[in-house]
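> Quick one: the structure is below, and I'll ask about it shortly.
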Amino acid sequence: MTIGFFDSGIGGVTVLAESLRRLPAEDYLYMADTLHVPYGTKSKEDVQIYVLEAVDRMIRQGIDALVVACNTATSITINELRERYSLPIIGMEPAVKPAVEMNRATGKKVLVFATPLTLQQPRYYALVSRVDEEGIVESLPLPELVHYCEALQFDRKIMGDYFRSKLASYDLNNYGIVVLGCTHYIYYEEILRELLPPHIQIVDGNVGTVRRLMAQLTRYGITADKGSGRVRFMCTGDEPEYLAKMQTALTLLQEAAVTPVSSE
Ligand code: DGL
């Protein structure tokens, strides 16, 4: 059993880390589309082509299930991927639904961080209009954040200033939850935790995604406990240094055992 994980870059490694925690006996193939990262500031048409090309390449390598560990790619290509391939395909969407449920009692608003492209998609509008009966969901695109993440910019001062400038016009007392609706953003959970008021919870969709993966594997009868938890990294640009970067990111996430949040 090999589970494929796909993202534009290193964001999906956060989901892979969660999957390895819960499904340690499976084998994994992780593909980053380094030739085209970031997706979130490109056109829908271009991203669609990039995702299909990269996933075709993964399919040729042999995978038994696919996790699209990217909210942006999911919002644009998930239907087409499911039509094209018969294997189980698990997508990701900003964890708006659990956030609205968790937040209900507080009477405060929910703020969703995601890429501009994710927030422009009909899939996102449909999600919000389905779950946001009280009109408490607001969205904030962070177009620069994937660039910072890919450049491994985790300096607390620089990134703290970045987030503060993005949030300058918000009265954070009115918000109860921030949703990290892009897998790259999860690397900034700790920095955000330090600057957001303590009453604000930070949630992401990683745990929920891995739970859906587990349910699908059971449904298709393809869970394996014979694998070794081996992870093979690939990237569309075939850069050896990027493969090392992904391995380092995974090791750090595993050491930190970060479970930033939970849509559990
Ligand atoms: N990691 C991706 C997501 O979850 C997007 C990154 C990008 O813009 O390339 O949305």
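The values are calculated or read from the model by the stated rules, or taken from the named source; none is laboratory data. Quick caveat, the model's predicted, so the values are computed rather than measured. Here the Cβ is made from the backbone with ideal geometry for all residues, glycine too, and neighbour counts use every protein chain on show. To get the accessible areas, we keep the full protein, side chains included, count just its heavy atoms, and leave off ligands, DNA and RNA. Shrake-Rupley method; radii C 1.70, N 1.55, O 1.52, S 1.80 Å.
> Can you name the number of the only condition in (1) of a type in the set (Gly, Ala, Ser); (2) open to solvent by 40 Å² or more (accessible area, probe 1.4 Å); (3) within 16 Å of the ligand (Cβ to nearest atom) that Gly12 fails?
Evaluating Gly12 over (1) of a type in the set (Gly, Ala, Ser); (2) open to solvent by 40 Å² or more (accessible area, probe 1.4 Å); (3) within 16 Å of the ligand (Cβ to nearest atom) leaves (2) as the failure.
> Quick check on the range 74-97. Is at least one of its residues among the small types (Gly, Ala, Ser), open to solvent by less than 10 Å² (accessible area, probe 1.4 Å) and not in a loop (DSSP other than H, G, I, E, B)?
No; the residues of the range 74-97 include none that is among the small types (Gly, Ala, Ser), open to solvent by less than 10 Å² (accessible area, probe 1.4 Å) and not in a loop (DSSP other than H, G, I, E, B).
> Are there any pairs with C-beta distances below 9 angstrom linking a residue in the range 208-224 that is under 13 Å from Ala25 (Cβ atoms) to a residue that is part of a helix (DSSP H, G or I), with the two at least 6 apart or on different chains, and if so which?
Met214/Ser19; Met214/Arg22; Ile222/Gln216; Thr223/Met214; Thr223/Leu217; Ala224/Leu217
> Further question: For the range 98-120, enumerate the residues that are under 16 Å from the mean Cα position of the chain (by Cα) and either within 23 Å of Phe6 (Cβ to Cβ) or open to solvent by 20 Å² or more (accessible area, probe 1.4 Å) (or both).
Looking only at the range 98-120, we keep the residues that are under 16 Å from the mean Cα position of the chain (by Cα), and these are 98-99, 112-119.
Result: Pro98, Val112, Phe113, Ala114, Thr115, Pro116, Leu117, Thr118, Leu119.
> Right, another one. What is the residue count in the range 21-46 for residues that are closer than 21 Å to Met214 by Cβ, part of a loop (DSSP other than H, G, I, E, B) and open to solvent by 10 Å² or more (accessible area, probe 1.4 Å)?
Residues flagged as closer than 21 Å to Met214 by Cβ, part of a loop (DSSP other than H, G, I, E, B) and open to solvent by 10 Å² or more (accessible area, probe 1.4 Å) within the range 21-46 amount to 3.
> Residue under question is Glu18, and the condition is that it be within 25 Å of Val137 (Cβ to Cβ), part of a helix (DSSP H, G or I), within 13 Å of the chain's Cα centre (by Cα) and away from the ligand (no atom under 12 Å from the Cβ); does it hold? Talk me through it step by step, then tell me what you get.
Values: within 25 Å of Val137 (Cβ to Cβ): yes; part of a helix (DSSP H, G or I): yes; within 13 Å of the chain's Cα centre (by Cα): yes; away from the ligand (no atom under 12 Å from the Cβ): yes.
When the stated conditions are applied, Glu18 passes them.
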